[in-house]
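Undergrad: Take this structure, written in structure tokens, and hold onto it; I'll ask about it next.
The values are calculated or read from the model by the stated rules, or taken from the named source; none is laboratory data. A quick note: this is a predicted structure, and the numbers were derived from the prediction, not measured. Every residue, glycine among them, receives a Cβ derived from its backbone with ideal geometry; neighbour counts consider all protein chains shown. Heads up: the accessible areas ignore ligands, DNA and RNA and are worked out on the full protein's heavy atoms, side chains in. Shrake-Rupley method; radii C 1.70, N 1.55, O 1.52, S 1.80 Å.
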Amino acid sequence: TLVESRTAELAAATQAAESASRAKTSFLANMSHELRTPMHGVMGMIELAKRRMTDPEGLDRLDKARSAAERLLGVLNDILDLSKIDADKMTLEQIAFTIGGLTDDLNNLLAPRAESARLRFILDIDARLKALQLVGDPLRLQQILLNLAGNAIKFTERGEVRVVARIAEDGAESLLIELSVWDTGIGITPEAVERIFNPFEQA
């Protein structure tokens, strides 16, 4: 009788925990989704204000507001992605793309930021990869590279940030491609490496 009672209590507690987890995931997904729409509106209004602004100090303040809005939008996107992963709803696309197109977009997004930080931003791409048609999820790959290279620029005071793409294994029907980000910044301690890939963890 005691075993049956404890088993029933455990089942009820497990069900309650799963229900709470589903509610949390749903809340995070809905919150981040609902907040993204007004954030896009804020960013649009900032761009409109910049077109009418001639004062250099005012333009600088609008640029800072835009940068802050972009960071907040990035956080909202991260929350939405995490909630999808938590709910097992994250799916990877299988579409055609090229490494050259992926890194060109990366260069357009990050080269100006590196230049303003007085850093060299270098794309070191194997020539065989630049125009080779691949199948996968370019959006997720670009998210990863943007996060890594963006952090590299943020934590590098001088020198360079280099995005490298190499063919690690060349098979008959598939390739193993190694994408890496190198920088001359402060680095990460071995202790921090163990935890930085946890959600919302910083070092």
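Undergrad: What translational diffusion coefficient, in µm²/s and rounded to a whole number, does the Stokes-Einstein relation yield for the chain at 37 °C and a viscosity of 0.692 mPa s, taking the hydrodynamic radius as the Kirkwood radius over Cα pairs?
TA: 159
Undergrad: I would also like to ask the following. Using a 1.4 Å probe over the heavy atoms of the protein chains, calculate the carbon and sulfur portion of the accessible area of segment 62-203 as a whole percent. Can you show the working numbers first?
TA: On the way: 5010 of 9480 Å².
Reported share for carbon and sulfur atoms: 53 percent.
Undergrad: While we're here: Accessible area per residue of the chain at 1.4 Å probe, in Å²? Could the numbers behind the result be given before it?
TA: Details: 14390 Å² over 203 residues.
I get 71 Å² per residue for this part.
Undergrad: Right, next: How many percent of Cα pairs in segment 112-203 exceed 16 Å?
TA: Values: 2642 of 4186 pairs.
Cα-Cα pairs of segment 112-203 separated by over 16 Å account for 63 percent.
Undergrad: For the pair Leu92/Glu160, report the inter-label distance in nm, with labels modelled 7 Å from Cα in the Cβ direction.
TA: Calculated label separation equals 3.0 nm.
Undergrad: Sticking with this one: Taking only Cα atoms, what is the 0 to 90° angle, nearest 10, from helix 2-52's long axis to the longest principal axis of the chain?
TA: Between helix and principal axis, roughly 20 degrees.
Undergrad: Would you mind checking the tilt of helix 138-154 against the longest principal axis of the Cα atoms of the chain, expressed as 0 to 90 degrees and rounded to 10?
TA: Tilt of helix 138-154: around 70 degrees.
Undergrad: Taking the Cα-to-Cβ direction at Ala65 and at Glu178 and moving 7 Å from each Cα, how far apart do the two end points lie in nm?
TA: Output for this residue pair reads 4.7 nm.
Undergrad: For a quick check of your reading of the filter: which trypsin sites (Lys or Arg not before Pro) in segment 125-203 sit in a DSSP loop and have no more than 16 other Cβ atoms within 10 Å?
TA: On the way: sites: Arg128, Lys130, Arg140, Lys154, Arg158, Arg162, Arg166, Arg195; in loops: Arg128, Lys130, Arg158, Arg195.
Within segment 125-203, the qualifying trypsin sites (Lys or Arg not before Pro) (loop, at most 16 other Cβ atoms within 10 Å) are Arg128, Lys130, Arg158, Arg195.
Undergrad: Would you mind counting up the charge near Met31? Only other residues with Cβ under 14 Å from its Cβ, with Lys and Arg at +1 and Asp and Glu at -1.
TA: Working: positive: Lys24, Arg36, Lys84; negative: Glu34, Asp78, Asp81, Asp86.
With Lys, Arg at +1 and Asp, Glu at -1, the neighbours total -1.
Undergrad: Right, next: Return the single residue from Ala11, Ala152, Ala165 with maximal mean-square fluctuation; model: Gaussian network over the chain, springs between Cα atoms under 10 Å.
TA: Ala11
Undergrad: Grab the beta carbon distance between Met31 and Asp105, set R0 = 30 Å, and tell me the FRET efficiency rounded to 0.05.
TA: On the way: r = 29 Å, r/R0 = 0.96.
The value I calculate is 0.55.
Undergrad: Just to check I understand the Karplus step: with θ = phi - 60° and J = 6.51 cos²θ - 1.76 cosθ + 1.60, what whole-Hz values come out for segment 74-79, glycine and proline as x?
TA: Ordered by residue, 3J(HN,Hα) equals x, 5, 4, 5, 4, 4 Hz.
Undergrad: Which residue fluctuates most in the GNM of the chain (Cα springs below 10 Å): Ile188, Ile125, Ile79?
TA: Sorting by GNM fluctuation, first place goes to Ile188.
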